[in-house]
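Trainee: Dropping the structure in here first, questions after.
The values are calculated or read from the model by the stated rules, or taken from the named source; none is laboratory data. Just so you know, these numbers come straight off a predicted model, no measurement behind them. Glycine also receives a Cβ, built like all others from the backbone with ideal geometry; neighbour counts cover every protein chain displayed. Side chains included, ligands, DNA and RNA excluded: accessible areas come from the protein's heavy atoms. Shrake-Rupley method; radii C 1.70, N 1.55, O 1.52, S 1.80 Å.
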Amino acid sequence: MTTVLTKSFPQEKPPITKAVPKRVLIIGGGFAGIAAARALKRANVEITLVDRRNHHIFQPLLYQVATAVLSPSEIAAPIRQLEAKQKNLSVLLAEVKGINLGARALEAICPGIGSRKLEYDFLVIATGMRPSYFGHDEFARFAPGLKSLNDAETIRTKILSAFELAESTDDPKERDRQMTFVLVGAGPTGVELAASIAQLVSVTLRKNFRKIDPAKSRIVLLDGGARILPTFVESLSRKAAKRLTKLGVEVSTGVKVEKVDDQGVIAAGVRIPSATVLWTAGVSASPVVKMLGTQTDRAGRAFVGAFMDIPDAPNVFVAGDAATMTQDGHPVPGVAQAAIQQGRFVGHVIANRVRGRKDGRPFRYRDKGNMAVVGKNFAILESGHLRSSGFVTWLVWAALHVLALPQLQNRFRVQTQWLWSYLSGQRSSRLISEGSRSSASSS
């Protein structure tokens, strides 16, 4: 009888319990943060991406917003759009104020809400960089950097307001000061920005004024190093400098800027009167990196291990411009492609650890080349032993940057605007922000 009952009424199977998702906090919605989040799309994790801005910026084209070629919306995309495409991701608009590694938690301030405590199993710091004034933070008031859309719009307002003030003044010295533009730092941002301003004054603003000729503006590019674009080989650096000179930019290297104030700059003991000084020199890491209490370099970037993690802090990673590491005796460059590769790598490492797998091979940066554009129809490229410059390289630069934009609508809009600007010489975003007009005119 017992046997019959056993066969007639099979025993119930125990319920299958699903593993509790691990909590992943990603601080920063730049290239590295977005790449890390996407790499975790199929992992059993709950991701919270924290950023004090609600948008991701395609920073390589920020200088075109600053010089009125493109509008802010053409190079940016809302971070929250990721939520619609990735079910295990949430976005939080907040600013990090403190990190407790021992408790695996951090404090974030949400606008209008206040403080929130966020706990994590894995933490990814991908907060990027900000302008560094090398101990002279007082320069920031007179020389804005270029790291955000607000920065780009501030610079655009300063540039356009300078011509309006030059048109309205009857003082020749003040007119010259308004029409003098000084850029401090001759890396890719400084070179691209200087070339774009040169074409703005010689083509776009031509015949727009009655009393002044914008083409007579003075554009000065200063750098303390021996040459411009030091991350490129010297031959390409010389070609870029020659191109800038042809565009009307005064290039001065080996010059140290000693002071920046409301009247201009003092460089190598010489005063250059200018109403528009732009800082394109140094950068430093976000203050969030210091909250980790780990070792940093002179720019405040965290030293990371072979798996982009930091010592004595399990499952805490730093990626992108906030991290520093060497490969084959050279530092990994702080460029977009390195940040994307590092973010993607960190995402895969976390996914492996969640699944109980080994980390795999250490991170290795794959250099896909270095590019810089120097005005219309001219760019330089260095990739391994390949070096090229000129019109064809400029076409390659344009194609790669369009494909790299965050959304399809960005690509269509940028292509259309570039074609219009190329054919007409006009720029569609020549707007002076009403809220910034008074501050721009006071400089």
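Trainee: Collect the residues in region 100-115 that are over 24 Å from the mean Cα position of the chain (by Cα) and touching a residue at least 24 places away in the same chain (Cβ under 8 Å), keeping them in residue-number order.
Mentor: Leu101, Leu106
Trainee: Let me ask you something else. Kindly indicate whether any position in region 86-101 is among the acidic types (Asp, Glu) and farther than 21 Å from Ala339 by Cβ.
Mentor: no
Trainee: Would you mention how many residues in region 202-232 are closer than 18 Å to Val255 by Cα and either of a type in the set (Asp, Glu) or open to solvent by less than 10 Å² (accessible area, probe 1.4 Å) (or both)?
Mentor: 7
Trainee: Now for a different question. Are any residues in region 253-271 surrounded by fewer than 18 Cβ atoms within 10 Å (Cβ to Cβ) and not in a loop (DSSP other than H, G, I, E, B), and if so, which ones?
Mentor: Correct list: Thr253, Glu258, Lys259, Asp261, Ile266, Val270, Arg271.
Trainee: Counting just the residues of region 390-431 that are part of a helix (DSSP H, G or I) and basic (Lys, Arg), which one comes out most open to solvent (accessible area, probe 1.4 Å)?
Mentor: Restricting attention to region 390-431, the residues satisfying the condition of being part of a helix (DSSP H, G or I) are 391-404, 408-424.
Going one step further and asking which of them are basic (Lys, Arg), we end up with 411, 413.
On the way: Arg411: 71, Arg413: 91 Å².
Here the answer is Arg413.
Trainee: Could you pull out every one of the helices (runs of 4 or more DSSP H) wholly within region 130-201 that has 2 or more residues that are touching a residue at least 12 places away in the same chain (Cβ under 8 Å), open to solvent by less than 10 Å² (accessible area, probe 1.4 Å) and assigned by the TED database to the domain that holds Pro273?
Mentor: Values: elements: 149-168, 172-178, 188-199.
Once the helices (runs of 4 or more DSSP H) in region 130-201 are filtered for at least 2 residues that are touching a residue at least 12 places away in the same chain (Cβ under 8 Å), open to solvent by less than 10 Å² (accessible area, probe 1.4 Å) and assigned by the TED database to the domain that holds Pro273, what remains is 149-168, 188-199.
Trainee: In region 275-298, which residues are touching a helix residue (DSSP H, G or I) at 6+ places or on another chain (Cβ under 9 Å) and among the hydrophobic types (A, V, I, L, M, F, W, C)?
Mentor: Taking region 275-298 first, the residues touching a helix residue (DSSP H, G or I) at 6+ places or on another chain (Cβ under 9 Å) are 275-281, 283, 285-286, 288-289, 296.
Answer for region 275-298, where residues must be touching a helix residue (DSSP H, G or I) at 6+ places or on another chain (Cβ under 9 Å) and among the hydrophobic types (A, V, I, L, M, F, W, C): Ala275, Val277, Leu278, Trp279, Ala281, Val283, Ala285, Val288, Val289.
Trainee: Here's another thing I want to ask about it. So Ser443 clears everything in (1) in contact with a helix residue (DSSP H, G or I) (Cβ under 9 Å, 6 or more places away or on another chain); (2) modelled with pLDDT of 90 or more except one condition, right? Which one?
Mentor: Going through the list (1) in contact with a helix residue (DSSP H, G or I) (Cβ under 9 Å, 6 or more places away or on another chain); (2) modelled with pLDDT of 90 or more, Ser443 breaks only (2).
Trainee: Please state which of the following conditions Gly135 fails to meet, knowing it meets all the rest: (1) more than 19 Å from the chain's Cα centre (by Cα); (2) farther than 30 Å from Val50 by Cβ.
Mentor: Of the numbered conditions (1) more than 19 Å from the chain's Cα centre (by Cα); (2) farther than 30 Å from Val50 by Cβ, the odd one out for Gly135 is (2).
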